[in-house]
Amino acid sequence: MPINEISDPFSEARKTDGVLECEFQGEKIAMILRHEDVRRAAKDWKTFSSDVPFRVPIPSEEDVRTMRQLPIETNPPEHTDYRAIVEPFFRRPKEPAMIAQVEGLIEGMLRGVLSGEATEVVHGFALPLQSRALTMLLNVPAAEADTWIGWGIHVFRVTGGVKKGIALEEYLHAQFDRAEANPGEDFFSALAQATYQGRRLTREEMMGFANLAFAGGRDTIIHSVSCVIAHLAAHPESLEHLREDPSRIVHASEEFFRVFMPLTHIGRVCPVDTDVNGVKVKAGNRASLCWASANQDETVFDSPQEVRLNRKPNPHLSFGFGTHLCLGAPHARLILRTLLQKCCDLVGNIELISAEPRVEREAAYDRTLGYESLVVKFHAR
């Protein structure tokens, strides 16, 4: 696939049926494809429930973690109470102090690659950027990023025959042991001291919050950053367009989130027999909300295959919709907008050297999302 082509393998099914049945790990799941249908289902938690440990992600994650992720794997009203515990940390990207930190981080990283030769973006730029920015979000020492970078871009990947996810779980337990013995102002300490409905959080609940914080925003930000850099390399006129008027960056970043949606879909369990656009889903089985298809819905977005940096309105669903609107959205927006601003300030152009697309291959579709490897050279202004 050319570097500047947008992947939309759901177009035909979206137009004809609005649903696509696909098998994942031996389970057939009805993928809801149309924008309005996805929004409606996302709000209807009684019909499409998130109160299902391990089964919200697709493929399901019984084999890669031992705890329910919070607050994403709950329904209201529990979800509301759980979410309130961590919202103060996820609002930090709107605070001037953290904005300044992220600006300094990205400017320093860009100056570093501008003074060198070719840069491998996925592992050599986007992963360190995501990891170092996460230390700022969680208010932990910057040195912790070195550990997280060492995990690579897939935190649940098996290494050396060790069970998936065990490195993360061991790390989190150690952090909570430290926080309980010597609390500070960081994310782990806040959870160790938090209460839920009048009682202290259990260790399993603490782990559920922290597991999601590391797993939920890891691949997504890495691939978003990589895709944007690839786009700027393939379309130097886009960088010039933003440089002419930096106020365009806000709309441009939302368009990048729409077209480079890294998470194809997310699962929901139907508590009772449910009709999903003519597909019968039995009680206890899953449907999914296909964000990637909804973001390409031609009844909502004019010429959705085009990257229009001035697209407005842009009701994309890349951060979800309804109750489970992504907690990390302000963090992702801060990173991407700052990256675009600093590229305008410092980068003359980005030269593409090589690209190895990442392809999600499933029984009913193949979808290109992000890169396994992306090598570019940044040229200074």
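The values are calculated or read from the model by the stated rules, or taken from the named source; none is laboratory data. Please read all numbers here as calculations on a predicted model, not as lab measurements. Every residue, glycine among them, receives a Cβ derived from its backbone with ideal geometry; neighbour counts consider all protein chains shown.
A compact table of results
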item	result
Filter pass, S189 being within 18 Å of the chain's Cα centre (by Cα) and modelled with pLDDT of 95 or more	no
Output for the range 85-110, where each listed residue is assigned to a helix (DSSP H, G or I) and exposed (fewer than 14 other Cβ atoms within 10 Å of the Cβ)	E87, P88, K94, P96, A97, A100, G104, G108
Close pairs (6 angstrom Cβ cut-off, 6 or more residues apart or separate chains): under 16 Å from I335 (Cα atoms) in the range 205-220, small (G, A, S) anywhere	G217/G328
Residue within the range 300-309 that is charged (D, E, K, R) and surrounded by 14 or more Cβ atoms within 10 Å (Cβ to Cβ) present	yes
Y82, sole failed condition from (1) in contact (Cβ under 8 Å) with a residue 12 or more places away in the chain; (2) under 17 Å from A215 (Cβ atoms); (3) surrounded by fewer than 16 Cβ atoms within 10 Å (Cβ to Cβ)	(3)
Boolean, A252 is assigned to a helix (DSSP H, G or I) and farther than 16 Å from K342 by Cβ	no
Members of the range 152-170 that are buried (at least 17 other Cβ atoms within 10 Å of the Cβ) and modelled with pLDDT of 90 or more	L168, E169
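Let's see how each residue does on (1) closer than 20 Å to R65 by Cα; (2) surrounded by fewer than 19 Cβ atoms within 10 Å (Cβ to Cβ); (3) under 17 Å from the mean Cα position of the chain (by Cα); (4) of a type in the set (F, W, Y):
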{"residue": "G184", "(1), (2), (3), (4)": "no, yes, no, no"}
{"residue": "Q193", "(1), (2), (3), (4)": "no, yes, no, no"}
{"residue": "R203", "(1), (2), (3), (4)": "yes, yes, no, no"}
{"residue": "M206", "(1), (2), (3), (4)": "yes, no, no, no"}
{"residue": "F209", "(1), (2), (3), (4)": "yes, no, yes, yes"}
{"residue": "A215", "(1), (2), (3), (4)": "yes, no, yes, no"}
{"residue": "S226", "(1), (2), (3), (4)": "no, no, yes, no"}
